[in-house]
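The values are calculated or read from the model by the stated rules, or taken from the named source; none is laboratory data. These figures come from a predicted structure and were not determined experimentally. Glycine also receives a Cβ, built like all others from the backbone with ideal geometry; neighbour counts cover every protein chain displayed.
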Amino acid sequence: MVPSDDSSNEGSGQILSQAERAAQKLSSEETERKIKDIVRLALASELRKVPLKRDEITRKVLHEHSRAFTVVMNKARERLRDIFGMDLVELPAKEKKAVTSSGTTRRGGANKDKSSSSKSYALQNILPQKLRDTDLIQWDRNGEQETMGLLTVILSLIHVNGRVLSDDQLRHYFRTLYLENNPKFELDKLLPNFVKQGYLDKQKSGFADSSSQAPEREHVEYRWGPRAKIEMPEENLCGFIKSVYGDDVPSDIIKQIERASGISDGK
Amino acid sequence: MSINKERAPEGFQEFVSTINQKLNLVDMEFRRSHEEDDGNPVWALVNTNGDEIAKLATEYSPVEISYFKRLIELIVTADDDAFSASSIMALKEASKIKTPLTKSAAETLLQRFVDDKWLIQSQNGKYSMSQRTILELQAYLKDEFEDYLIECILCYDIVTKGQRCDVQECKSRFHHHCARRYFSSQNEKVCPACKIVWKSSNIIGDH
């Protein structure tokens with residue numbers, strides 16, 4: 001369940017020993033204090049849903065000991081897992097537009113490409129499912145539940161549309177679902193917020209639609225943002241889509257979702 | 001978080017101290033108090049370190065926080081131990097801060113403070129501090145308003161809703177529920193410090 005410590009990106013022996021040497025310059029009190037500060041910084045960033053950048057950790061916590069990053073960071077992750085059941089993981093780097101031309105390789109693309117790491121981190125809940133499904137916790141803080149419900153719907157729509165959805169398509173779905181002009185959801189505020197928080201990735205598409213009757217309008221596409229990828233395991237999303245069907249759920253729903261998302265191509 | 005149990009279950013104290021041993025490593029604490037009006041136990045996860053990092057841990061903007069601080073000052077320093085501020089006073093304060101807020105912005109923000117349970121708005125529209133504020137901002141409150149915030153002589157928590165001794169110089173304060181508990185075991189109803197007859201009509205808080 002708990003990822004091992006050697007899962008860090010900098011696996012090469014030379015870099016690690018350099019980090020270890022840098023860490024040795026810190027007294028145990030200093031190390032303890034830096035671990036604590038990273039943990040507190042991670043919690044503060046999570047509250048505001050902003051990614052924690054490596055640069056910020058260096059500036060606010062490590063200062064001249066920036067080379068000890070790997071060692072101190074791993075200890076901070078250990079503490080977060082121990083106290084809060086949270087891991088501090090690096091957000092996936094943004095997908096490059098070039099990769100998206102072929103639906104089948106899109107998924108592996110971001111993972112294989114280790115050189116383009118995001119150097120941004122966010123907390124990931126690693127509690128076992130049975131500890132999360134508890135009615136002890138009231139999630140309905142300030143309508144957060146509705147907002148996250150809307151987000152899950154949007155993520156599902158993107159997923160089953162080959163993992164990318166144009167702004168026009170998204171608006172079309174909103175109309176169909178009576179979400180447009182719905183007093184409960186201020187879409188024009190919520191969407192930019194999802195982008196800001198890293199749940200959605202919004203990009204202008206490579207080719208402008210010159211034939212469009214509204215020539216000034218940009219062609220915008222939505223994909224899963226880095227935070228969505230670490231917070232929403234695929235099986236949870238499939239579970240959500242299944243639950244929408246209720247009793248009428250098709251027996252091959254998982255296969256259908258996979259096909260629609262472009263993983264299997266149905267072959 | 002409120003736990004509506006008269007008595008904590010067996011081993012609860014030990015459970016809490018185990019949790020706190022871990023939380024203390026990152027300058028946090030799971031702390032207990034009581035709702036001032038009914039005495040029900042409440043718990044909060046509080047930050048015990050006012051460092052620069054803690055200042056980042058908020059969803060409010062700096063302007064919103066400066067308005068909140070002014071409101072707290074208004075509430076804590078209110079005349080006659082009222083520990084509350086009328087909505088007119090609260091809105092007026094919004095125009096006095098460095099970056100003044102419009103009336104409607106201030107109204108929205110006040111509602112947000114209430115929704116987020118930092119402030120309580122009573123039936124008559126007055127704002128007072130919630131137990132969340134008293135618990136989570138305890139260190140700040142004690143630093144800033146040492147002379148205004150006096151502790152209950154029974155439970156040692158700050159009293160902003162309760163009763164006080166008739167003698168002006170006497171520092172005896174009780175929460176209402178603490179007074180009931182204390183005097184139920186006493187033969188005569190006198191101040192524990194100066195022994196003057198205790199009148200339960202000297203009210204602290206919104207009255």
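Assorted remarks:
- Residues in segment B:133-150 that are in a loop (DSSP other than H, G, I, E, B) and either in contact with a helix residue (DSSP H, G or I) (Cβ under 8 Å, 6 or more places away or on another chain) or over 26 Å from residue B:185 (Cβ atoms) (or both): B:137, B:145, B:146, B:147, B:148, B:149.
- Any hit, segment B:151-174, residues being in a loop (DSSP other than H, G, I, E, B), among the charged types (D, E, K, R) and touching a residue at least 40 places away in the same chain (Cβ under 8 Å): yes
- Segment B:109-123, residues that are polar (S, T, N, Q) and either surrounded by 16 or more Cβ atoms within 10 Å (Cβ to Cβ) or touching a residue at least 24 places away in the same chain (Cβ under 8 Å) (or both): B:121, B:122
- Hits in segment A:226-261 (condition: basic (Lys, Arg) and either within 21 Å of residue A:177 (Cα to Cα) or in contact with a Pro (Cβ under 7 Å, 6 or more places away or on another chain) (or both)): A:229, A:242
- Residue in segment A:234-243 that is in contact with a Gly (Cβ under 8 Å, 6 or more places away or on another chain), at pLDDT 85 or above, within 18 Å of residue A:147 (Cβ to Cβ) and not basic (Lys, Arg) present: no
- Taking every residue in segment B:40-61 that is more than 10 Å from chain A (Cβ to nearest Cβ) and pairing it with any residue that is among the small types (Gly, Ala, Ser) and buried (at least 17 other Cβ atoms within 10 Å of the Cβ), at least 6 positions away or on another chain, the pairs with Cβ-Cβ distances below 8 Å are B:41/B:33; B:42/B:33; B:43/B:33; B:44/B:33.
- Residue A:189, sole failed condition from (1) touching a helix residue (DSSP H, G or I) at 6+ places or on another chain (Cβ under 8 Å); (2) assigned to a helix (DSSP H, G or I): (1)
- Counted residues, segment A:29-42 - those being of a type in the set (Lys, Arg) and more than 9 Å from every other protein chain (Cβ to nearest Cβ): 2
Residue-by-condition table, conditions (1) away from every other protein chain (no Cβ under 14 Å); (2) closer than 21 Å to residue A:227 by Cα; (3) within 22 Å of the chain's Cα centre (by Cα):
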| residue | (1), (2), (3) |
| --- | --- |
| A:44 | no, yes, yes |
| A:51 | no, yes, yes |
| A:60 | no, no, no |
| A:64 | yes, no, no |
| A:70 | yes, no, yes |
| A:77 | no, yes, yes |
| A:84 | no, yes, yes |
| A:89 | yes, yes, yes |
| A:92 | yes, yes, yes |
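- The sole residue among A:56, A:46, A:78 that is free of Cβ contacts under 8 Å to residues at least 40 places away in the same chain, part of a helix (DSSP H, G or I) and not hydroxyl-bearing (Ser, Thr, Tyr) is A:56.
- Test result for residue B:11, more than 8 Å from every other protein chain (Cβ to nearest Cβ), small (Gly, Ala, Ser) and either closer than 23 Å to residue B:159 by Cα or in contact (Cβ under 8 Å) with a residue 60 or more places away in the chain (or both): no
- Residue check, residue B:120 under 18 Å from residue B:82 (Cβ atoms) and assigned to a helix (DSSP H, G or I): no
- Filtered by the rule that a residue be more than 25 Å from residue B:109 (Cα to Cα) and exposed (fewer than 14 other Cβ atoms within 10 Å of the Cβ), segment B:29-48 gives a lone residue, B:38.
- Inclusion of residue B:65 among residues that are part of a helix (DSSP H, G or I), in contact (Cβ under 8 Å) with a residue 40 or more places away in the chain and within 26 Å of residue B:148 (Cβ to Cβ) is not warranted.
- Residue within segment B:184-201 that is in a loop (DSSP other than H, G, I, E, B) and in contact with a Pro (Cβ under 9 Å, 6 or more places away or on another chain) present: yes
- Of the residues making up segment A:63-75, those that are touching a Leu at 6+ places or on another chain (Cβ under 9 Å) and not polar (S, T, N, Q) are A:65, A:68, A:69, A:71, A:72, A:73.
Yes or no, residue by residue, for (1) crowded, with 18+ Cβ neighbours inside 10 Å; (2) among the hydrophobic types (A, V, I, L, M, F, W, C); (3) modelled with pLDDT of 90 or more:
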| site | (1), (2), (3) |
| --- | --- |
| B:167 | no, yes, yes |
| B:170 | no, yes, yes |
| B:177 | yes, no, yes |
| B:183 | no, yes, yes |
| B:186 | no, no, yes |
| B:193 | no, yes, yes |
| B:200 | no, no, no |
| B:203 | no, yes, yes |
